[in-house]
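A short write-up of the structure that comes next.
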Amino acid sequence: MGFFENMGNPQGKLGNIQLKSMNKEHTPVSLWGLKHLDISPDDIILDVGCGGGMNINRMAQTAKKVYGVDYSIESVNLSREVNEDLIVQGRVEVLEGNVQSLPFEDNTFDIVTAFETVYFWPDIEKSFGEVKRVLKPGGMFLIGCETNGAGFFMRLCEGLMNMTAYTDVDLCQFLENNDYKYIKAYLRDGKSKKETIKYEGKEITIDDDYDHFSFSDRFVQWMTVTAIK
Ligand SMILES: C[S@@+](CC[C@H](N)C(=O)[O-])C[C@H]1O[C@@H](n2cnc3c(N)ncnc32)[C@H](O)[C@@H]1O
């Protein structure tokens, strides 16, 4: 696998290097996404497409238990390494698996997260249905993306990485088609320091109090979408 293919399915030594870099480079957008999640100490969470495992680690600081799943063995291995102590304590578990057929019983999780990964999911609408299957009734699905749709730069990435940069409208529609409820989109414009919240056909814009330095927020809109089963 080459550099670009590795973004959607990290393999080998280069994949491991890229995953370590993503653990660092995705920190600003991931922490912003996590601001929209209210984790309780009783929560059982699943992070799909967990990559290098940093978000598992972050969420496991509060949750009862966090599971990670990824179809790349390189991602599974690094997630296990990064969360070694939490795995020994029984608070983290990382499994190899595809979002198309998650290795969990129905109604298992309070929260399912997907950071920087839905771009690569096959048959995304069906995949959202599979996420819903493993969520408990009332559980939350959170999707984090470092772009809202594809501008010039992302269109280039789409071709090179075999990915799709969905818009908030696309993602909300896929969720609606799966009968998720209370679907909300949070869109962050780092240049003007504003966050727009879209919910039930209404839109409000608030000042953005997020001050992590990031390169990407100068030219793309960050997006977090949440929905309830
Ligand atoms: C760009 S990386 C993001 C990793 C991590 N979530 C982050 O924010 O740094 C995408 C990850 O999603 C995983 N992935 C892509 N498609 C997947 C699928 N169908 N099932 C499970 N994992 C998938 C890839 O293997 C990779 O580890």
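The values are calculated or read from the model by the stated rules, or taken from the named source; none is laboratory data. Just so it is clear, the structure is predicted and the values come from calculations on it, not from any experiment. Ideal geometry is used to build each Cβ from the backbone, glycine not excepted, and the neighbour counts take in all protein chains shown.
Details
- Selected residue (only one of Met154, Met140 is crowded, with 17+ Cβ neighbours inside 10 Å, in contact (Cβ under 8 Å) with a residue 12 or more places away in the chain and within 27 Å of Leu102 (Cα to Cα)): Met140
- When every residue of the stretch 157-170 is checked against the conditions, none turns out to be touching an Asp or Glu at 6+ places or on another chain (Cβ under 8 Å) and part of a strand (DSSP E or B).
- Filter result (surrounded by 24 or more Cβ atoms within 10 Å (Cβ to Cβ) and either at pLDDT below 95 or under 21 Å from Lys126 (Cα atoms) (or both)) within the stretch 73-101: Val99
- Every test in (1) in contact with a helix residue (DSSP H, G or I) (Cβ under 7 Å, 6 or more places away or on another chain); (2) surrounded by 23 or more Cβ atoms within 10 Å (Cβ to Cβ); (3) touching a residue at least 40 places away in the same chain (Cβ under 8 Å) is passed by Phe104 save one, and that test is (2).
- Tally, over the stretch 107-125, of residues that are more than 11 Å from the ligand (Cβ to nearest atom) and either part of a strand (DSSP E or B) or out of contact with any strand residue (DSSP E or B) (no Cβ under 8 Å at 6 or more places or on another chain) (or both): 5
- Qualifying positions in the stretch 171-227 - among the β-branched types (Val, Ile, Thr) and surrounded by fewer than 16 Cβ atoms within 10 Å (Cβ to Cβ): Ile197, Ile204, Thr205, Ile206
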